[in-house]
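The values are calculated or read from the model by the stated rules, or taken from the named source; none is laboratory data. Everything numeric here is computed off the predicted structure, so don't read it as measured data. With ideal geometry, Cβ positions are generated from the backbone for all residues, glycine too; neighbour counts draw on all protein chains shown. Only protein heavy atoms, including side chains, enter the accessible area calculation; ligands, DNA and RNA are left aside. Shrake-Rupley method; radii C 1.70, N 1.55, O 1.52, S 1.80 Å.
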Amino acid sequence: MLEVGTKAPQFTLADQAGNPVSLSDFAGKRIVLYFYPKDNTPGCTRQACAFAGAYEAFRTKDIVVIGISKDSVASHKKFAEKYELPFILLSDPDLQAIQAYDVWQEKKLYDKVSMGVVRSTYIIDEQGMIARAMPKVKPDTNAQEVLAALEAM
């Protein structure tokens, strides 16, 4: 994980509609940047739906919510439509942001070791600095933990 107080790495990735989105597009706003392994899997769907359910609370605070995985634009489009996700999903098949934010890590499952996205969330402040780093978050509680963290800031 990147350290709190460091500059958030810049990136430009395609959203679920295929449009380029850069972190710098949101200068002056707080950003919730969450990284997840894969569209349409049980945990990732629960996490996305929890962010969707809390989206109005983020929107009223003028906070941008962005989900990033290595899935394709087409996959993100279907995922967003199926679950009516109101926030930005970015496609990172080349692991540009995933590696820059240090969430591409070794994972173990049933004694099998592989590389993958570790479910993690960053809160980026209005100056583009990392205000909070949340490693290995739980899909069911992540959105509420982020809202609580934002309230405490």
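Suppose we filter region 118-132 for residues that are open to solvent by 60 Å² or more (accessible area, probe 1.4 Å) and not in a strand (DSSP E or B); how many remain?
2
Just the residues that are touching a Phe, Trp or Tyr at 6+ places or on another chain (Cβ under 9 Å), touching a residue at least 24 places away in the same chain (Cβ under 8 Å) and either surrounded by fewer than 19 Cβ atoms within 10 Å (Cβ to Cβ) or of a type in the set (Phe, Trp, Tyr) (or both), please, taken from region 97-117.
100, 101, 116
Check off (1) among the aliphatic types (A, V, I, L, M); (2) more than 22 Å from residue 134 (Cα to Cα); (3) surrounded by fewer than 17 Cβ atoms within 10 Å (Cβ to Cβ); (4) in contact with a helix residue (DSSP H, G or I) (Cβ under 8 Å, 6 or more places away or on another chain) for residue 14 and give me the number that stays unchecked.
(3)
Which condition number does residue 102 fail, the rest of (1) modelled with pLDDT of 95 or more; (2) touching a Ser or Thr at 6+ places or on another chain (Cβ under 9 Å); (3) at negative phi being met?
(3) is the only condition that residue 102 fails.
Need a quick list: helices (runs of 4 or more DSSP H) entirely within region 19-99 having at least 2 residues that are among the polar types (S, T, N, Q).
Working: elements: 42-53, 55-60, 73-83.
Ranges flagged: 42-53.
Which of the residues spanning region 72-96 are crowded, with 17+ Cβ neighbours inside 10 Å, touching a Lys or Arg at 6+ places or on another chain (Cβ under 6 Å) and not charged (D, E, K, R)?
none
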